[in-house]
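The values are calculated or read from the model by the stated rules, or taken from the named source; none is laboratory data. Computed from a predicted model, the values in this text were never measured in an experiment. All Cβ positions, glycine included, derive from the backbone under ideal geometry; neighbour counts span all protein chains shown.
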Ligand code: BDR
Ligand code: CA
């Protein structure tokens, strides 16, 4: 079994990405560590606990940072719904997270099994940056760090012209992680809109499965879907699930190893990924950037998880 540790600001697409990992026969999820992002921390913890319960698992869920490392949290509830899960009426309350703090869990899990843990990051990088600053030795001890964040080498962004939500929400944390020396692999929003848009045909395929998992995935994405269709897209897209697909099966991906700097502070450059495309100007390559992931393989993995 491959061992994943998932850091997540659990809302709709995080939840389906978590289902993909929890239900995959070759993946063992050590824990979910939760961060404020799409929704506030307490709501994200409830959403994560509900998702684990739905999958019939006992995976521990730990609460982490409620806020970015240096600023206040700006959520994405206008996109994902007030509860982050499409406001579709799920009972997302009263569950109790495991005792312990997410940042400690990230450090202890990685240091407890050097070279064995794949850290999959699906939210703002606040917990992960705090872990790196607390215990820099995790940088060499972690096997892979797959990040849904940024937006490839050409954009576009989904919060500003060039910034993607997870990096924009906590750009200082994204900067710390990107400069840390960790073995980073980025799946940006460009990959999601290129290969993970749920168009009418794919939406019909999800509905046709008619399992508790497919019904869950369709319902919790309904707010994002409405937003995307109203804004001229062919359907909602699934950034965290395609990052998870890549984490599970990186073989079909095309990647480029380049130097990346995430810009922090405020203004138009907040959370923007500066990429040295020439490969010799910006410094040593520090990120494996996914430049293509085939949509057919993604939807195969996605639909298998919901079947
Ligand atoms: C990312 O931001 C969140 O809204 C999604 O869950 C995903 O992690 C996409 O930009
Ligand atoms: Ca997310």
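Going by the conditions given, is residue 102 within 16 Å of ligand 2 (Cβ to nearest atom), under 24 Å from residue 138 (Cα atoms) and surrounded by 16 or more Cβ atoms within 10 Å (Cβ to Cβ)?
yes
Any residue in the range 259-274 that is within 21 Å of the chain's Cα centre (by Cα), surrounded by fewer than 22 Cβ atoms within 10 Å (Cβ to Cβ) and at pLDDT below 95?
Scanning the range 259-274, I find at least one residue that is within 21 Å of the chain's Cα centre (by Cα), surrounded by fewer than 22 Cβ atoms within 10 Å (Cβ to Cβ) and at pLDDT below 95, so the answer is yes.
Residues of the range 130-161 being in a loop (DSSP other than H, G, I, E, B), within 16 Å of ligand 1 (Cβ to nearest atom) and touching a strand residue (DSSP E or B) at 6+ places or on another chain (Cβ under 7 Å), which ones?
149, 150, 151, 152, 157 - these are the residues of the range 130-161 that are in a loop (DSSP other than H, G, I, E, B), within 16 Å of ligand 1 (Cβ to nearest atom) and touching a strand residue (DSSP E or B) at 6+ places or on another chain (Cβ under 7 Å).
Considering every residue within the range 162-174, establish whether at least one is on the phi > 0 side of the Ramachandran plot and not in a helix (DSSP H, G or I).
No: the range 162-174 contains no residue that is on the phi > 0 side of the Ramachandran plot and not in a helix (DSSP H, G or I).
Can you report the number of residues in the range 50-90 which are part of a loop (DSSP other than H, G, I, E, B), within 16 Å of ligand 1 (Cβ to nearest atom) and over 26 Å from residue 133 (Cα atoms)?
Going through the range 50-90 one residue at a time, the tally reaches 8.
Could you figure out which of (1) within 19 Å of residue 160 (Cβ to Cβ); (2) crowded, with 23+ Cβ neighbours inside 10 Å isn't true of residue 241?
Unmet for residue 241, out of (1) within 19 Å of residue 160 (Cβ to Cβ); (2) crowded, with 23+ Cβ neighbours inside 10 Å: (1).
From the residues in the range 105-127 that are closer than 17 Å to residue 17 by Cβ and within 16 Å of ligand 1 (Cβ to nearest atom), which one is surrounded by the fewest Cβ atoms within 10 Å (Cβ to Cβ)?
119
Would the range 6-19 turn up any residue that is in contact with a strand residue (DSSP E or B) (Cβ under 7 Å, 6 or more places away or on another chain), closer than 22 Å to residue 214 by Cα and away from ligand 2 (no atom under 14 Å from the Cβ)?
No, there is no match, as no residue in the range 6-19 is in contact with a strand residue (DSSP E or B) (Cβ under 7 Å, 6 or more places away or on another chain), closer than 22 Å to residue 214 by Cα and away from ligand 2 (no atom under 14 Å from the Cβ).
Within the range 12-21, can one find any residue that is away from ligand 1 (no atom under 11 Å from the Cβ), buried (at least 21 other Cβ atoms within 10 Å of the Cβ) and over 16 Å from residue 61 (Cα atoms)?
So far as the range 12-21 goes, yes, one or more of its residues are away from ligand 1 (no atom under 11 Å from the Cβ), buried (at least 21 other Cβ atoms within 10 Å of the Cβ) and over 16 Å from residue 61 (Cα atoms).
Looking only at the range 36-48, decide whether some residue is closer than 20 Å to residue 69 by Cβ, under 11 Å from the mean Cα position of the chain (by Cα) and within 16 Å of ligand 1 (Cβ to nearest atom).
yes
Those residues that are part of a helix (DSSP H, G or I) and in contact with a helix residue (DSSP H, G or I) (Cβ under 6 Å, 6 or more places away or on another chain), I need them from the range 175-188; list them, please.
Passing the criteria: 176, 177.
Yes/no matrix, rows are residues, columns are (1) under 17 Å from the mean Cα position of the chain (by Cα); (2) crowded, with 20+ Cβ neighbours inside 10 Å:
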position	(1), (2)
169	yes, yes
173	yes, yes
179	no, no
198	no, yes
201	no, no
205	no, no
